[in-house]
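What follows is one structure encoded as structure tokens, with my remarks underneath.
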Amino acid sequence: MHLPVTDNWAEQTIRNNIVSQAEAQVRQQFPHLPQAQVQQQALREYESFIEQNREQFQAQQEQLSQQFRSQLQFEVERPDGTVFYQTYIGEIDPYFYLKRVERVLETGSQCSSIVDGECRDDFMLAPRGSTFEPEWHTYAASGFAWIAVALGYVALTGVFFMPAILGALATVPVFFFVRRRFGSLAAASSAIFVGLHTSFLPRTMAGFSSTDAWNILFPVTIIWLVSLALEQQRRGLSWLYLVLAAVASAAYAQFWSAWWYTFFIMTLALLAVGVYKGASWIGVSNALLVAEAR
């Protein structure tokens, strides 16, 4: 959100410029000097320059860093006159959803128009538009955007932070699922592994507000709830957790078309557990009958 990486970019840019100039001067003075020694001498001159011009260097770094940030942020003035800088979101899909989010905040509907009872987006396949079914992902993003606006920011701020929040929430059921079996250390390790996985983190970083976060949050939640249902001794609690897992599956179906993968896997798991417990009960019953016969 605040782009501290631009300080590193600015420092590296200034460093490269100074070192390049120093290398050119060293080559001019010592044209037959090997390249490795030229670079070493240039680096020494760079370090000497920074040591003698620390304040000047920091001022140039801040100025250049601000130039970098100005290309990645825009200025927003709040109603009270204060100003904040909002970082742009970094992909095309989030802007697609942002347009509909702003429409929901303005009109309460994702549709830009309704023709013959069909919801239309007149900005898709322009100029004739396209029909579509309103998506729950957009309504969820609208909730984040509404909170951001209520706090004095803009809709983009809520959409910007949404994936990071959902990605963090996805680690919670993983933690509790593992802790019941292997303890807190394994649970913390598993949660960190999920949250920082190289396939998950880049698509749930702040500013990448697409549907990817739901594809981890819902499945791990469903798995956790089903496991709780299977472990309960009280039948009422077991049914409660199964109902919650079913509700989560139904909600997942509204966020992602491939929701049935998780549903299918968990259904097979429940059937397998049922067969295993049934076979175990039959084995115990047979053992009791044999014992009575003897």
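The table for this structure:
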| quantity | calculated |
| --- | --- |
| Using alpha-carbon coordinates, inclination of helix 136-150 to the longest axis of the chain, degrees | 50 |
| Taking the range 166-283 and dividing mean pair separation by its residue count, relative contact order in percent (alpha carbons under 8 Å, at least six apart) | 21 |
| Taking the chain and dividing mean pair separation by its residue count, relative contact order in percent (alpha carbons under 8 Å, at least six apart) | 11 |
| Helix-only CD estimate at 222 nm, as mean residue ellipticity for the chain, using -39500 (n - 2.57) per DSSP H run (n ≥ 4) | -23500 deg cm²/dmol |
| Quarter of the Cα convex hull surface for the range 166-283, i.e. its orientation-mean projected area (nm²) | 8.2 |
| Whole-Å distance, taken between Cα centres, linking the range 58-86 and the range 195-270 | 40 |
| The range 93-115 versus the range 126-142: alpha-carbon centroid distance in Å | 6 |
| Pair L169, Q71: separation of 7 Å Cα→Cβ label points (nm) | 3.6 |
| Dipole magnitude of the chain about its Cα centre (Cβ charges: Lys, Arg +1; Asp, Glu -1), debye to nearest 20 | 1380 |
| For peptides 104-110, 180-186, sequence by mean Cβ density within 10 Å, most packed first | 104-110, 180-186 |
| Rel. contact order, % - alpha carbon contacts under 8 angstrom, at least six apart, the range 5-70 | 51 |
| Debye log10 I(q)/I(0) at q = 0.09, 0.12 Å⁻¹ for the chain, Cα point scatterers | -0.72, -0.97 |
| nm² value of the averaged projected area, convex hull over the Cα atoms of the range 90-160 | 4.9 |
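Coordinate-derived values only; no laboratory data. What you see is a predicted model, and the numbers here were worked out from it, not measured in a lab. Counting neighbours? That spans all protein chains shown, and the Cβs are built from the backbone with ideal geometry, glycine included.
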